[in-house]
Amino acid sequence: MYGDKKGVLELYEKLAEVYEEVYGGEQRRKYWLISGQAGERVVDAGCGVGIALEVLADKYVVCLDLSEDMLRRARDRRGELGELVLGDYWLPPFRDGAFDAALFISSLEPQRFSEAHQLWRRIAKRTFFEFRGEWYIFNAT
């Protein structure tokens, strides 16, 4: 994760209250762009307020985030096919082959995409990375 975890948590505790208003529309568009490619079992790593739960409502979505405040806001979006997990995507708490896709939408800087893919490639068949309009999609093999 970029920076120290404590600093990131402090930032997101402040941001959680206004995240939807400031970034909601932009984030929805990003999830819609990859919705047809994600598969049926998806983990959103650094899920924020859980917009993936809303956009990918027809899929089984697990929202993973460090911030309890963000997950609290995501709870309202959780449908029948969603779960919330408090955790760090650098220490993924999932078994190999658990997901069709791992999404890192606006949660990781491009210079760390390859490193994250190496960590997640056994857990998800594909990893989707996006940061400030820069996209990368990796297959597990």
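Read the figures in this text as sums done on the coordinates, not as results from a lab. The model shown is predicted, which means the values in this text are computed figures rather than measured ones. Positions of Cβ are backbone-derived with ideal geometry, glycine not excepted, and every protein chain shown enters the neighbour counts.
Report, by chain and number, residues whose modeled amide H sits under 5 Å from the one on VAL62, excluding near sequence neighbours (fewer than 5 apart, same chain).
For VAL62, the qualifying residues are VAL42, VAL43, ASP44, GLU83.
Non-local amide H neighbours of GLU109 (under 5 Å, H modeled in plane, Pro and chain starts lacking H): which ones?
TYR2
So how much slack lies between GLU26 and GLU83, counting 0.36 nm per residue of separation and subtracting their Cα-Cα distance, in nm? Could the numbers behind the result be given before it?
On the way: separation 57, 0.36 × 57 = 20.52 nm, distance 2.29 nm.
That pair, GLU26 and GLU83, stretches by 18.2 nm at full extension.
Under a point spin-label approximation (7 Å from Cα along Cα-to-Cβ), what is the TRP90-GLU134 distance to one decimal in nm?
1.9 nm
Using the Kirkwood radius over Cα pairs, work out the Stokes-Einstein diffusion coefficient for the range 27-102 at 4 °C and 1.567 mPa s, in µm²/s as a whole number. Mind dumping the intermediate values first?
On the way: Rh = 12.1 Å.
The calculation lands on 107 µm²/s.
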